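Let me begin by presenting the structure, written as structure tokens, before commenting on it.
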Amino acid sequence: MSLAAAPLDAAQQRDIGCVATLAVVAYEQQRGETRWPPVGEDGARLAQIVGERVMKQSGRTREQVRDAIVAAVAERQKAKALPDADVEACLAL
């Protein structure tokens, strides 16, 4: 019997949200969007760092953290537009 993981804290949710935001920005950049500075490699590195930190802090598996990131990406894609302030805050990480 496995125990359910504790909810992610505010910092973990923010960090996963930034990974998702930068993933959407990177996707848009691959399609020709030039509004933001390139995020490809830096965004991938941030995703790795955040994923490892959330796994360590929360006890979640790699798959559970990946699923949280994928859900956050889907949420942002559904919104159709990323708020400038959100992108700017994530770019500053």
Considering each residue of the stretch 61-93, count those that are open to solvent by less than 90 Å² (accessible area, probe 1.4 Å) and within 12 Å of the chain's Cα centre (by Cα), and give that number. 14
Looking at the stretch 31-51, which of the residues that are under 15 Å from Leu93 (Cβ atoms) and acidic (Asp, Glu) is nearest to the chain's Cα centre (by Cα)? Asp42
Mind checking which residues of the stretch 14-43 are loosely packed, with under 14 Cβ neighbours inside 10 Å and not hydroxyl-bearing (Ser, Thr, Tyr)? Gln30, Arg31, Gly32, Glu33, Arg35, Pro37, Pro38, Gly40, Glu41
Yes or no: Ala6 out of contact with any strand residue (DSSP E or B) (no Cβ under 7 Å at 6 or more places or on another chain), part of a loop (DSSP other than H, G, I, E, B), free of Cβ contacts under 8 Å to residues at least 24 places away in the same chain and open to solvent by less than 80 Å² (accessible area, probe 1.4 Å)? no
How many of the residues in the stretch 71-82 are over 12 Å from Leu22 (Cα atoms) and not charged (D, E, K, R)? 4
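The values are calculated or read from the model by the stated rules, or taken from the named source; none is laboratory data. What you are looking at is a predicted structure, and each value in this text was computed from that prediction instead of being measured. Note: ideal-geometry Cβ built from the backbone for every residue, glycine included; neighbour counts use all protein chains shown. For accessibility, only protein heavy atoms count, side chains too; no ligands or nucleic acids. Shrake-Rupley method; radii C 1.70, N 1.55, O 1.52, S 1.80 Å.
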